[in-house]
Amino acid sequence: MLKPRILITGGAGFLGSHLCDRFIKEGLHVIAMDNLITGELKNIQHLFHLEDFEFYHHDVSKFVHVPGNLSYILHFASPASPIDYLKIPIQTLKVSSLGTHNLLGLARAKKARILVASTSEVYGDPIVHPQVEEYYGNVNPVGPRGVYDEAKRFQEAITMAYHTYHNVETRIIRIFNTYGPRMRLNDGRVLPAFIGQALRGEDLTVFGDGGQTRSFCYVDDLIEGIYRLLMSDYPSPVNIGNPDEITILDFAKEIIKLTGTKQKIIFKDFPKDDPKQRQPDITKARKLLGWEPKVSRAEGLKITYEYFKTLSQDELYQRDHKNFDAYVK
Ligand code: UDP
């Protein structure tokens, strides 16, 4: 019997590559697509020898052609770190707007079910806490994060429109901060930033007074949530994340303890429009998908630290200083 075929955009990225692994394991034929701007081939090199794995080097903002049938599409292509948005703002806007449009068209043509990766950033700097799916958010369209937040909000709107007007089977996941092996050490996000600083013997840079909060989900838990949502019949957005909330200052202290670094914490300017609090309300995921996170931050951080320790010196020191310095004052 022919295996169902799934297209995973952003397939060489952090989440995309873990999704490739998961769907290979589920017995599907996986087509990974990536333009490799932020994705890295090393994340999927262990899959290249498999008959049921293909890789297309392509930018989904341009017309997407995939020969043959498709049962599923997962749209996970997008820069996801605030430093990347500064570096490639137009691409960030295009991949979730034009890219999503192309992939919805492909889903329609192939009669495939499509799941798009949305984000807690649709809530902006949230006034409602924890964030429920019914909250409309507090986003600055013209701030530095607008290029990501508004593109993701547009993505949700066009996905819902294709569902309503073209009967495409759609799913929308709102992903909260996720971490784990294969994150880019130099992507600027807080966890790789802190661990990278500890490994290089630099001080840990906390932005603002560190009182802002985040809730970190280990990647395996997230992937399970994505799988369950894809297999469900629920077209409205669903939050997936770990509600265990922590301030960034306490998080820095956890990383100091974990790594045993002798470095100290230094305070930098608070970035514009940086959300001051973030915690998912996962009541819907619990009820609809029977899903909840299983991996504690202590366990997840240990695994992730072990991964970062395996990276070469080159990778450890390869950092886009210009962009980091533009962001960190
Ligand atoms: N942050 C920090 N130091 C860093 C990088 C990030 O204090 O070196 C803070 C950042 O200001 C934010 C939080 O950590 O409040 C999470 O930032 P990240 O870029 O990981 O993702 P976000 O959740 O803001 O999209």
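What net charge do the residues around THR261 carry, taking every other residue with its C-beta under 10 Å from that of THR261, with Lys and Arg at +1 and Asp and Glu at -1?
Net local charge, THR261 excluded: +2.
Hey, got the dipole for region 228-285? About the Cα centre, +1 on K and R Cβ, -1 on D and E Cβ, debye to the nearest 20? Don't skip to the end; give the middle numbers.
On the way: 10 positive and 9 negative charges, 67 e Å.
Value, rounded to 20: 320 debye.
What is the magnitude of the charge dipole of the chain about its Cα centre, with +1 placed on the Cβ of each Lys and Arg, -1 on the Cβ of each Asp and Glu, and no other charges, expressed in debye to the nearest 20?
In debye, rounded to 20, the chain gives about 180.
Students often check this: by mean Cβ neighbours within 10 Å, which of 51-58, 85-92 ranks highest, and how do the rest follow? Intermediate values should be presented prior to the final figure.
On the way: 51-58: 15.2, 85-92: 18.9.
Top of the packing list down: 85-92, 51-58.
Select from ALA107, GLN91, GLN131 the residue farthest towards the positive end of the dipole of region 75-162; place +1 on Cβ of Lys and Arg, -1 on Cβ of Asp and Glu, and compute about the Cα centre.
Looking along the dipole axis, the top candidate is ALA107.
Give the angle, between 0 and 90 degrees and rounded to the nearest 10, that separates the Cα long axis of helix 89-110 from the longest principal axis of the Cα atoms of the chain.
30
Whole angstrom only: what separates the Cα centroid of region 94-160 from the Cα centroid of region 230-308?
After rounding, the separation between the Cα centres reads 20 Å.
What size of dipole, in debye to the nearest 20, comes out for region 202-329 about its Cα centre when the only charges are +1 on Lys and Arg C-beta atoms and -1 on Asp and Glu C-beta atoms?
220
What is region 1-130's relative contact order, in percent, from Cα pairs under 8 angstrom and six or more apart in sequence?
The value is 25 percent.
Where only protein heavy atoms count, and the probe is 1.4 Å, what is the accessible area per residue for region 93-244 in Å²? Don't skip to the answer; put the middle values down first.
On the way: 5100 Å² over 152 residues.
Using a 1.4 Å probe on heavy atoms only, each residue of region 93-244 averages 34 Å².
Take each of the peptides 69-75, 105-111, average the number of other beta-carbon atoms within 10 Å over its residues, and list them starting from the highest.
Working: 69-75: 21.9, 105-111: 16.7.
Per-residue Cβ counts within 10 Å, averaged per peptide and sorted highest first, yield 69-75, 105-111.
For helix 219-231, what angle does its Cα long axis make with the longest principal axis of the chain, in degrees from 0 to 90 and rounded to 10?
20
I want the local charge near ALA112. Using Cβ-Cβ distances under 10 Å, sum +1 for each Lys or Arg and -1 for each Asp or Glu among the other residues.
Value of the local net charge: +4.
What number, in percent, do you get for the relative contact order of region 6-65 if the mean sequence gap of Cα pairs under 8 Å and at least 6 apart is divided by its residue count?
Numbers: 98 pairs, mean separation 21.8, N = 60.
Over region 6-65, the number comes to 36 percent.
Lysines near LYS94 by alpha-carbon distance under 19 Å, same-chain residues fewer than 8 away left out - which ones?
In chain and number order, the partners are LYS62, LYS152.
Any idea what angle helix 146-166 forms with the longest principal axis of the chain, computed on alpha-carbon atoms, 0 to 90 degrees, nearest 10?
20
Rank-order 95-102, 244-251 by packing density, defined as the average count of other C-beta atoms within 10 Å over each peptide's residues, highest first.
My ranking of the peptides, most packed first, is 95-102, 244-251.
With the contact rule set at Cα under 8 Å and sequence spacing of 6 or more, what percent relative contact order holds for the chain?
17
Report, to the nearest whole %, how much of the accessible area of the chain belongs to carbon and sulfur atoms, 1.4 Å probe, protein only.
Using a 1.4 Å probe with all protein chains present, the chain comes out at 54 percent carbon and sulfur.
The values are calculated or read from the model by the stated rules, or taken from the named source; none is laboratory data. What you are looking at is a predicted structure, and each value in this text was computed from that prediction instead of being measured. Every residue, glycine as well, gets a Cβ built from its backbone with ideal geometry; the counts of neighbours run over all protein chains shown. These area figures cover heavy atoms from the full protein model, side chains too; ligands, DNA and RNA do not enter into them. Shrake-Rupley method; radii C 1.70, N 1.55, O 1.52, S 1.80 Å.
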